[in-house]
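The values are calculated or read from the model by the stated rules, or taken from the named source; none is laboratory data. Please read all numbers here as calculations on a predicted model, not as lab measurements. Please note: Cβ atoms are built from the backbone with ideal geometry, for glycine as well, and neighbour counts cover all protein chains shown. In case anyone asks, the SASA skips ligands and DNA or RNA and just uses the protein heavy atoms, side chains included. Shrake-Rupley method; radii C 1.70, N 1.55, O 1.52, S 1.80 Å.
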Amino acid sequence: EYDNIRLYGLKTNMNVYQPWMKVKDAVEEDTFSSYSATCYYFAEKLTDELEESEGSAPAIGLVHTAWGGSPIEDWVDDDTLASCSEVCYEQSKGQVGNFDRLGYSLFMWNTLPYVNMTIKGWIWYQGENNMGWQSPCKLGNSARNQGYSCLLVGLVRLWRNLWSATPGTTDPNAPFGVVALPY
């Protein structure tokens with residue numbers, strides 16, 4: 001039914017490597033069950049809405065690069081980190097798999113390789129590790145350039161700027177969906 005949806009997944013601690021393929025092929029190859037349900041159901045709902053309003057839905061490509069247990073600090077560059085106070089930069093140091101996590105490594109490895117793609121938007125589903133009961137991190141205030149709130153605004157700005165750097169590709173105001181879990 002959702003033959004317009006294409007999946008791609010970077011091998012991470014949450015995902016097996018998923019080369020570009022249709023959903024039915026991922027099911028046959030037994031990689032679909034490891035794919036992000038949030039990501040997939042978003043595409044399914046988007047397909048339904050586009051078919052209802054437009055009569056058909058275009059091909060929708062999903063790129064899954066999440067790393068479970070990562071703080072937002074790992075997904076931005078040093079300038080974005082420096083622009084916010086009360087961030088948990090120390091929390092983002094340590095090991096990720098066989099790699100040293102230097103605060104910006106997931107930004108370098110899981111984000112930058114995709115900035116040459118033209119995309120229509122993002123889904124950001126992260127935050128528990130910055131807001132959990134054991135976390136020293138602060139929700140903060142984006143207007144005061146503090147904590148997670150500041151970093152989230154900075155991440156959206158950074159990613160939109162990176163993807164739209166080449167005119168005529170990604171819209172500089174492309175939608176950025178944020179999934180937030182109540183604490």
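Computed with a 1.4 Å probe over protein heavy atoms only, the accessible area of Glu49 comes to about 100 Å².
For Trp20, Trp67, give the ranking by accessible area with the largest first, probe 1.4 Å.
Values: Trp20 125, Trp67 50 Å².
Result, largest first: Trp20, Trp67.
Give, as a single signed number, the net charge of other residues whose beta carbon lies under 14 Å from the beta carbon of Phe176, with Lys and Arg counted +1 and Asp and Glu -1. Let's see the in-between values first.
Numbers: positive: Lys120, Arg157, Arg160; negative: Asp171.
With Lys, Arg at +1 and Asp, Glu at -1, the net is +2.
To the nearest 20 debye, what charge dipole does region 14-89 have about its Cα centre, counting +1 at the Cβ of each Lys and Arg and -1 at the Cβ of each Asp and Glu? Could you put the intermediate results ahead of the total?
Values: 3 positive and 16 negative charges, 45 e Å.
Here region 14-89 has a charge dipole of around 220 debye.
Taking all protein chains together, Val115, Val63, Val178 sort by accessible area into Val178, Val63, Val115, largest first [probe 1.4 Å]. Of the whole protein surface, Asp79 contributes about 120 Å² of accessible area at a 1.4 Å probe radius.
By the rule of a C-alpha distance below 15 Å, with chain neighbours fewer than 8 residues away ignored, the aspartates and glutamates paired with Lys138 are Glu73, Glu86, Glu90, Glu128.
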